[in-house]
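One structure is given here, and the rest of the page talks about it.
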């Protein structure tokens with residue numbers, strides 16, 4: 001495929017993409033993009049469907065079930081799909097669509113490798129329920145994940161327990177004793193990120209999109225489930241966060257975005273990073 005002729009196959013006769021064709025955001029329905037991909041093609045997908053109204057987005061509509069089926073077809077054995085989604089609250093009741101989507105991914109053949117939580121600063125509510133301050137991050141894998149680069153965090157106490165023994169200081173006063181040997185452990189599956197202007201990203205242009213990914217969230221998933229040189233896909237590219245974080249982590253990317261306005265925003269946002277990326281990769 002080229003910019004001038006978007007209808008050509010995006011891989012050549014040997015099944016190999018050229019550099020610039022891979023690292024591109026296609027202004028089209030993701031089903032059209034995936035229809036030109038061969039089977040077992042993508043290492044990692046990181047995406048979030050248009051909020052709750054998966055079937056209505058700037059006047060466009062999406063066929064969720066077809067998208068899930070195609071994601072299964074184009075994902076490599078051992079590949080992962082990170083599906084970030086929340087539920088709308090209608091008349092005091094949550095829709096439950098996130099669970100229905102997760103179950104359908106499993107019907108398509110994916111394993112539900114993990115149900116992670118994206119915790120964020122909440123929006124104050126005025127009705128009789130607790131504030132909604134999380135979304136689901138469903139981790140679907142095609143067989144066992146081939147890559148897991150665990151994010152490690154420091155733990156202060158051995159075996160993650162507090163030593164409740166007492167110790168006496170030089171003045172004879174008693175206090176609880178704490179272990180001083182710091183070790184690391186794998187980060188838990190509840191990830192907290194602050195969101196908002198100047199926090200989710202420093203790229204001001206990104207906020208022309210109504211719902212941007214925190215860059216750190218995308219970064220953490222990319223480094224967890226892929227390796228340098230792998231191919232990362234986002235079927236709802238939006239403001240280009242997945243593309244940017246793929247570039248900065250030396251991954252290739254492909255994006256689909258049906259809104260021409262958002263494609264323009266994303267391309268302007270990642271232009272400087274894409275130039276940097278080309279200098280690193282083109283020999």
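Hey, any hits in the range 120-141 for a residue that's out of contact with any strand residue (DSSP E or B) (no Cβ under 6 Å at 6 or more places or on another chain) and at pLDDT 95 or above?
Within the range 120-141, none of the residues are out of contact with any strand residue (DSSP E or B) (no Cβ under 6 Å at 6 or more places or on another chain) and at pLDDT 95 or above.
Could you list, in sequence order, the residues of the range 99-113 that are part of a helix (DSSP H, G or I) and under 20 Å from the mean Cα position of the chain (by Cα)?
Selection gives 99, 100, 101, 102, 103, 104, 105, 106.
Restricting to the range 223-242, name every residue that is at pLDDT 95 or above, crowded, with 24+ Cβ neighbours inside 10 Å and not in a loop (DSSP other than H, G, I, E, B).
225, 232, 233, 234, 242
Quick one: in the range 41-63, which of the residues that are surrounded by fewer than 15 Cβ atoms within 10 Å (Cβ to Cβ) and touching a helix residue (DSSP H, G or I) at 6+ places or on another chain (Cβ under 9 Å) is modelled with the lowest pLDDT?
It comes out as 55.
Of all the residues that make up the range 66-98, how many are surrounded by fewer than 19 Cβ atoms within 10 Å (Cβ to Cβ), modelled with pLDDT under 95 and assigned to a helix (DSSP H, G or I)?
Total meeting the criteria: 1.
Examine the range 266-283 for a residue that is in a loop (DSSP other than H, G, I, E, B) and modelled with pLDDT of 90 or more, and state whether such a residue exists.
No, that holds for no residue.
The values are calculated or read from the model by the stated rules, or taken from the named source; none is laboratory data. Keep in mind that this is a model prediction, so the values were computed, not measured. Neighbour counts are summed over all protein chains in view; Cβ atoms, including those assigned to glycine, are modelled from backbone coordinates with ideal geometry.
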